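The values are calculated or read from the model by the stated rules, or taken from the named source; none is laboratory data. The shown structure was predicted, so the numbers you read here are calculated from the model rather than taken from an experiment. Every residue, glycine as well, gets a Cβ built from its backbone with ideal geometry; the counts of neighbours run over all protein chains shown.
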Amino acid sequence: MTHPTAAEIAARIEDLYGAELSDLEAYAREQAPGMLAALLGSHRTLALAEQSITAQRERLQHLTRPERQIGAYEVSHVLDCARRLAEAVAVRDTQATTAGAVLRSLGRTPTAEPPITSAAPPLPAPPVPAASPAPSR
């Protein structure tokens, strides 16, 4: 299953909030924790997981080059690298799924219409009861 990347999540956040990610991060730091802060945190975690996947994949490729000897010492490094790679993939998948689901559930609200400044016509005066010509008994 293909998950959205950190770049795609960032674009969706920017589209939803109508501002650049750096501006949104600055704004979120000044506010009480809320949906924006949660989305930005999820994005940061997703981006870090993607970086970790790249680094661990490169490290694993380096450790398993055909010209390298693999002994007991090297195997422990290969296993550690594979474990870290698996953890990063799990974090990426979880964060991408969660952030994607939250973003799909949210929609951008329409901008508020400026208030109409034209004065409403004055209301007519309430009807006054007619005086009866004959006194009541």
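For this structure, a couple of remarks:
- Meets criteria (aliphatic (A, V, I, L, M), in a helix (DSSP H, G or I), in contact with a Cys (Cβ under 9 Å, 6 or more places away or on another chain) and surrounded by 11 or more Cβ atoms within 10 Å (Cβ to Cβ)) for residue 60: yes
- When residue 65 is tested against (1) within 17 Å of residue 7 (Cβ to Cβ); (2) surrounded by fewer than 16 Cβ atoms within 10 Å (Cβ to Cβ); (3) of a type in the set (Lys, Arg), exactly one condition is not met: (1).
- Where residue 53 falls short, out of the listed (1) under 18 Å from residue 102 (Cβ atoms); (2) at pLDDT 90 or above: (1)
- Test set (1) modelled with pLDDT of 90 or more; (2) part of a helix (DSSP H, G or I); (3) among the charged types (D, E, K, R) - residue 74 fails condition number: (1)
- Selected residue [at pLDDT 95 or above, over 18 Å from residue 4 (Cβ atoms) and surrounded by fewer than 14 Cβ atoms within 10 Å (Cβ to Cβ)] from 86, 120, 134: 86
Results for (1) farther than 30 Å from residue 12 by Cβ; (2) among the small types (Gly, Ala, Ser); (3) touching a helix residue (DSSP H, G or I) at 6+ places or on another chain (Cβ under 6 Å), shown as yes or no for each residue.
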{"residue": "41", "(1), (2), (3)": "no, yes, no"}
{"residue": "47", "(1), (2), (3)": "no, yes, yes"}
{"residue": "50", "(1), (2), (3)": "no, no, yes"}
{"residue": "54", "(1), (2), (3)": "no, no, no"}
{"residue": "59", "(1), (2), (3)": "yes, no, yes"}
{"residue": "66", "(1), (2), (3)": "yes, no, no"}
{"residue": "69", "(1), (2), (3)": "yes, no, no"}
{"residue": "77", "(1), (2), (3)": "yes, no, yes"}
{"residue": "83", "(1), (2), (3)": "yes, no, no"}
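- Every residue from region 12-43 that is exposed (fewer than 14 other Cβ atoms within 10 Å of the Cβ) and in a helix (DSSP H, G or I): 15, 22, 23, 26, 29, 35
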